[in-house]
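Here is the structure we will look at, set down as structure tokens.
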Amino acid sequence: MSVLADKDPKPSTMTDADRAFFEQEITGLLDRLYGTALRLSKNRADAEDLVAETVTKAWANFGSLHDRQCFRGWLFRILTNTFLSECRKTAPLSIEALAEAQGEDEEPAFSLFDRLHQPFLLWWGNPEQEFLNKVLQQDLQKAVDALPKVFRVPVILSDLQGLSYQEIAETLGVPVGTVRSRLNRGRSQLQKALWQHAQEAGLKHAPATDKESSPISQTGEHHERH
Amino acid sequence: MSDIKEIGCEEALRHLFEYLDRELDGARHAEMEQHLHTCRACYSRAEFERHLKGKLGAVGKEPAPPEFELRIKNLLRRF
């Protein structure tokens, strides 16, 4: 996607109250829409186009939304479907989907907690708490971005947006069992990436006395805490 | 409390993410709660996963740049 001119929305028969509701919801959810779009598309220009297209589509179809309590889930479903249909245009045969079809379910789930609990880290009073205190938002972003799309999308919808398995299943057009399996594998890969990143950044060798140093951000780069 | 089935660590860990995602039905949810109240190891693991999930939730929110906010405002004005 490039930076496109926003399309004119369809003429609407909505009332002023409908407009006010829609505008208020979009404004309130804009940071979440943008954050999700950014993790899906992994670049700012595409994320902005994706949100603009989502808002336009949502307004055009707002009349078909009967239960406004469902607005948030409905909106994120439009966002995700818009992203996925854009992907299909550029890569109709997804290598990731083929890789998934090969199946790796027999691979045991990776537990970051279990790794942090290893005896060589016990000089930390509470290694897992220490990890949580020191992990940076950009470490998490990187780990999410590194996931293959087939796992990244359900992880984003569940962990970042809080959608139910049923909502994710409906969004992706797959059974709930598939959502559960993709989430398990996505989270396992995510935790593995966080563990590898923590090791690369010196977690194993971080000085126990230096409480201010981040064991997973000692890469020589400047990191900001969010 | 006696009608809640006791579960072991293996079963608790198998359903841990579904529990944290609030996807378990009432009976299973209660079994998990009971196990986590009595097992320190599983409780610690559950707390870790809960906090990590909370931190991931924050990743899904990113302040929209001002010029993009303006683009959306202009778009909404045309509706």
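Observations, loosely collected:
- Listed residue pairs exceeding 23 Å between alpha carbons, taken from A:Lys134/A:Lys192; A:Lys57/A:Lys142; A:Lys149/A:Lys192: A:Lys57/A:Lys142
- Positive-end residue, the stretch A:16-90 charge dipole about Cα centroid, Cβ charges, pick of A:Ser85, A:Leu65, A:Phe21: A:Ser85
- For B:Arg77, A:Arg152, order by how many other beta-carbon atoms lie within 10 Å, fewest first: B:Arg77, A:Arg152
- Using alpha-carbon coordinates, inclination of helix B:40-59 to the longest axis of chain B, degrees: 10 degrees
- Three-way shape label, the stretch A:123-178, alpha-carbon gyration tensor, a/c 1.5: prolate
- Neighbouring partner chain Cβ atoms per residue of A:173-186, average, 10 Å criterion: 1
- Calculated FRET value between A:Gln24 and A:Asp145, using beta carbons and R₀ = 35 Å, to 0.05: 0.70
- Pairwise Cα distances in chain B exceed 14 Å in 69 percent of cases.
- Cβ distances below 4.7 Å define possible disulfide partners, and in chain B the cysteines left without one are B:Cys9.
Where a number appears in this text, it was derived from the coordinates with a stated rule and is not lab data. A quick note: this is a predicted structure, and the numbers were derived from the prediction, not measured. Ideal geometry is used to build each Cβ from the backbone, glycine not excepted, and the neighbour counts take in all protein chains shown.
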